Amino acid sequence: QVQLVESGGGSVQSGGSLTLSCAASKSLHSSYCMAWFRQAAGKQREWVSYTASAGNSRYTDSVNGRFTVSRDNAENTLTLQMSSLIPDDTGVYYCAAGALCGPRTDWYPHWGQGTQVTVSS
């Protein structure tokens, strides 16, 4: 069974930085896409970023230029570096894995438990 565990969430002020990490179990296939999603209170879960096993990555327009995703296949870890944070970035951030890269939540069968990020104005 694939296990994903997020860490690194916390509270910061607008303009601050935060780095999230995701540790994956050894059972995760090396060719799987790994992605970050986030969900604000009372809102639907939305796609943030993904990275393929070869290293290609993409970002949703609202975070492009501020967030950086990276992957270490040898260590089965995924990282999201977040800078210039704004209150709209507030939410629970989830790590996900699946066979295909894309923005739909139902394309990812494996999910972590989430970690809270709060950005104050």
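The values are calculated or read from the model by the stated rules, or taken from the named source; none is laboratory data. Keep in mind it's a predicted model, so treat the numbers as computed, not measured. Cβ coordinates were reconstructed from backbone atoms using ideal geometry, including for glycine residues, and neighbour counts include every protein chain displayed. Quick note on the areas: whole protein, heavy atoms, side chains included, nothing else; ligands and nucleic acids left out. Shrake-Rupley method; radii C 1.70, N 1.55, O 1.52, S 1.80 Å.
For region 1-17, filtering for residues that are open to solvent by 50 Å² or more (accessible area, probe 1.4 Å) and in a loop (DSSP other than H, G, I, E, B) leaves 5.
Examine region 32-54 for a residue that is part of a strand (DSSP E or B), aromatic (F, W, Y) and farther than 20 Å from D106 by Cβ, and state whether such a residue exists.
No, region 32-54 has no match at all.
Going by the conditions given, is T90 in contact (Cβ under 8 Å) with a residue 24 or more places away in the chain and among the β-branched types (V, I, T)? It is true that T90 is in contact (Cβ under 8 Å) with a residue 24 or more places away in the chain and among the β-branched types (V, I, T). Tell me, which residue of region 88-121 that is among the polar types (S, T, N, Q) and open to solvent by 70 Å² or more (accessible area, probe 1.4 Å) is nearest to A41 (Cα to Cα)? Result: Q116.
Tally time: how many residues in region 41-67 are of a type in the set (A, V, I, L, M, F, W, C) and under 16 Å from G112 (Cα atoms)?
First, pick out the residues of region 41-67 that are of a type in the set (A, V, I, L, M, F, W, C): 41, 47-48, 52, 54, 63, 67.
After this cut, where a residue has to be under 16 Å from G112 (Cα atoms) as well, the list is 47-48.
Residues in region 41-67 being of a type in the set (A, V, I, L, M, F, W, C) and under 16 Å from G112 (Cα atoms): 2 in total.
Kindly check whether there is at least one residue in region 61-72 that is basic (K, R) and out of contact with any Asp or Glu (no Cβ under 8 Å at 6 or more places or on another chain). For region 61-72, residues basic (K, R) and out of contact with any Asp or Glu (no Cβ under 8 Å at 6 or more places or on another chain): present.
Does G98 qualify as being over 12 Å from the mean Cα position of the chain (by Cα) and among the small types (G, A, S)? So G98 passes the test. Looking for something open to solvent by less than 40 Å² (accessible area, probe 1.4 Å), without any contact (Cβ under 8 Å) to a residue 40 or more places away in the chain and farther than 13 Å from T115 by Cα - is there at least one such residue anywhere in region 68-87? Yes, region 68-87 contains a residue that is open to solvent by less than 40 Å² (accessible area, probe 1.4 Å), without any contact (Cβ under 8 Å) to a residue 40 or more places away in the chain and farther than 13 Å from T115 by Cα.
Taking the criterion of being farther than 15 Å from S17 by Cα and hydrophobic (A, V, I, L, M, F, W, C), the residues of region 81-121 that qualify are V92, C95, A96, A97, A99, L100, C101, W107, W111. Taken over region 26-67, the residue count meeting the criterion of being open to solvent by 50 Å² or more (accessible area, probe 1.4 Å) and aromatic (F, W, Y) is 1.
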